[in-house]
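J.: Take a look at the following structure, please.
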Amino acid sequence: MLLSILHHLNLQLGYERTKEIFNQILKEIPVVIVEFALKEEKVDLSWKELLQDDPLDMIENKEEYNIVKMGEYPTHLSDVKRPMYAISKNHLVVNNKIYPVEDTFFQAYKYSKSSAYKIFYRSEDYFIKQISLLENQFAQDTIKNQFFSAIFILSKIQALNLNLPKLIDYEIKGKTAYIVTTRIKGKLVSDLLVTLSINQKIIIINYLLETLKALKNAGLYHNDVRPWNVMFDIDTNEATLFDFGLSSIYETENTLISFSWMVHALISEKIIIHPNPILNKADFKGLTIPYEFIDFLKKISSDETKSLEDLGKIIQKD
């Protein structure tokens, strides 16, 4: 992370030498987060005259990198906000294998906060999650435990013949961990709530019921069933549960309760964000439920082969 430093190096070493050092850093480090000072800043300082009109001109062979603008941030020097970029190579090396990168992003879904300690990469066939192991020992141990638990669960589900992401590769390299899985086609259910048809919503519910049942029967729990952790491909009408970062052999979050919130989101077309793990069932009182949903939920609630126990409790009848 290079914050408020390049323009000072310009002054000390000159532009060409600073550019050389910067590009060497870009070649050696998978993702560089950099803040650029701007010529239009209203400051009377000697480094300002050495700045380029376009700060990105400092990058050689731009076509070899993914350049993502993370935002613009104020400084104590002027009212002009400085841009911050994440610059990454168009490939990653995990476990001595080269994986192409077409897209880099820092926000898992639109309700989440961007985090520099988690970076996501996509290509046509692969999805790569990069996790930085934080300096705090407790946080580092927690992240490592979640990482290895996710690897274990992803390895186990390969034999279940379910529509779930496939584990391709993983590695811990220094203080950075990587998980490579197959890329899932489609969009997040959280982004499709208002456009999905009733039939498509029922497909998603049926898929989750069968998948969560199969996982439970195998002694595995996802523990993070959310609309932003389910993909839906509108072309094939296929749903896929993903993000096994909190998965475990223990049910740390009540599956029925989290499932009830999924149903609530699909019916209400609204998402309620919970800062802590879900504790209470979704309240369906006052919610207009389409008759197709009522018939469907009655059927799966009374079915002896229902996928989750006590499914009838999902709809509060009083």
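J.: Looking only at region 189-197, decide whether some residue is out of contact with any strand residue (DSSP E or B) (no Cβ under 6 Å at 6 or more places or on another chain), assigned to a loop (DSSP other than H, G, I, E, B) and either in the same structural domain as Asp141 (by TED's automatic domain parsing) or within 29 Å of Val31 (Cα to Cα) (or both).
T.: no
J.: List pairs: first in region 77-103 and on the phi > 0 side of the Ramachandran plot, second surrounded by 14 or more Cβ atoms within 10 Å (Cβ to Cβ), Cβ under 9 Å, 6+ apart or cross-chain?
T.: Partner pairs satisfying both residue conditions: Asn95/Asp169; Asn95/Tyr170; Asn95/Glu171; Asn95/Tyr178; Asn95/Val180; Asn96/Glu171.
J.: What do you reckon, is Ser115 exposed (fewer than 14 other Cβ atoms within 10 Å of the Cβ) and modelled with pLDDT under 85?
T.: Numbers: exposed (fewer than 14 other Cβ atoms within 10 Å of the Cβ): yes; modelled with pLDDT under 85: yes.
Taking the combined requirement at face value, the residue satisfies it.
J.: Which pairs turn up if I take residues in region 34-63 that are part of a loop (DSSP other than H, G, I, E, B) and among the aliphatic types (A, V, I, L, M) and look for partners that are surrounded by fewer than 18 Cβ atoms within 10 Å (Cβ to Cβ) and modelled with pLDDT of 85 or more with beta carbon separation below 6 Å, at least 6 apart in sequence or on another chain?
T.: Leu38/Val80
J.: Also: Could you pull out the residue among Lys201, Lys213 that is over 21 Å from Ser155 (Cα atoms) and either small (Gly, Ala, Ser) or not in a loop (DSSP other than H, G, I, E, B) (or both)?
T.: Lys201
J.: I've got another one for you. Would region 134-157 turn up any residue that is at pLDDT 90 or above, in a loop (DSSP other than H, G, I, E, B) and not assigned by TED's automatic domain parsing to the domain that holds Phe244?
T.: No, region 134-157 contains no residue that is at pLDDT 90 or above, in a loop (DSSP other than H, G, I, E, B) and not assigned by TED's automatic domain parsing to the domain that holds Phe244.
J.: Could you tell me whether region 81-104 includes any residue that is out of contact with any Phe, Trp or Tyr (no Cβ under 7 Å at 6 or more places or on another chain), among the aliphatic types (A, V, I, L, M) and surrounded by 14 or more Cβ atoms within 10 Å (Cβ to Cβ)?
T.: Scanning region 81-104 turns up no residue that is out of contact with any Phe, Trp or Tyr (no Cβ under 7 Å at 6 or more places or on another chain), among the aliphatic types (A, V, I, L, M) and surrounded by 14 or more Cβ atoms within 10 Å (Cβ to Cβ).
J.: Looking at region 158-180, which of its residues are free of Cβ contacts under 8 Å to residues at least 60 places away in the same chain and either outside the structural domain of Glu124 (by TED's automatic domain parsing) or in contact with a Leu (Cβ under 9 Å, 6 or more places away or on another chain) (or both)?
T.: Once the filter is applied, which keeps residues that are free of Cβ contacts under 8 Å to residues at least 60 places away in the same chain and either outside the structural domain of Glu124 (by TED's automatic domain parsing) or in contact with a Leu (Cβ under 9 Å, 6 or more places away or on another chain) (or both), region 158-180 yields Gln158, Leu160, Leu162, Lys166, Leu167, Ile172, Gly174, Lys175, Ala177, Ile179.
J.: Within region 225-243, can one find any residue that is in contact with a Phe, Trp or Tyr (Cβ under 6 Å, 6 or more places away or on another chain) and either modelled with pLDDT under 65 or of a type in the set (Asp, Glu) (or both)?
T.: no
J.: Which number in (1) more than 19 Å from Leu162 (Cβ to Cβ); (2) buried (at least 19 other Cβ atoms within 10 Å of the Cβ); (3) out of contact with any helix residue (DSSP H, G or I) (no Cβ under 6 Å at 6 or more places or on another chain) marks the one condition that Ala265 misses?
T.: Ala265 satisfies all of (1) more than 19 Å from Leu162 (Cβ to Cβ); (2) buried (at least 19 other Cβ atoms within 10 Å of the Cβ); (3) out of contact with any helix residue (DSSP H, G or I) (no Cβ under 6 Å at 6 or more places or on another chain) except (3).
J.: Among (1) charged (D, E, K, R); (2) surrounded by 13 or more Cβ atoms within 10 Å (Cβ to Cβ); (3) not in a helix (DSSP H, G or I), which single condition is Lys19 missing?
T.: For Lys19, the exception is condition (3).
J.: If you take the residues in region 240-260 that are buried (at least 22 other Cβ atoms within 10 Å of the Cβ) and hydrophobic (A, V, I, L, M, F, W, C), which one is farthest from the chain's Cα centre (by Cα)?
T.: Phe259
J.: Let me ask something else. Which one of the conditions (1) within 25 Å of Asp235 (Cβ to Cβ); (2) part of a helix (DSSP H, G or I); (3) of a type in the set (Lys, Arg) does Lys110 fail to meet, given that it meets all the rest?
T.: It fails just one condition, (2).
J.: If I ask for residues that are in contact with a helix residue (DSSP H, G or I) (Cβ under 9 Å, 6 or more places away or on another chain), surrounded by 14 or more Cβ atoms within 10 Å (Cβ to Cβ) and over 19 Å from Asn229 (Cβ atoms), which ones from region 131-169 would you list?
T.: Ser132, Leu133, Leu134
J.: Follow-up. For the list (1) closer than 30 Å to Ile128 by Cβ; (2) at pLDDT below 85; (3) among the aromatic types (Phe, Trp, Tyr), I need the number of the one condition that Tyr85 fails.
T.: Every condition holds for Tyr85 apart from (2).
The values are calculated or read from the model by the stated rules, or taken from the named source; none is laboratory data. Only a predicted model underlies this, so the values are computations on that prediction, with no experimental measurement involved. A quick note on method: Cβ atoms are made from the backbone with ideal geometry, for glycine too, and the neighbour counts reach across all protein chains shown.
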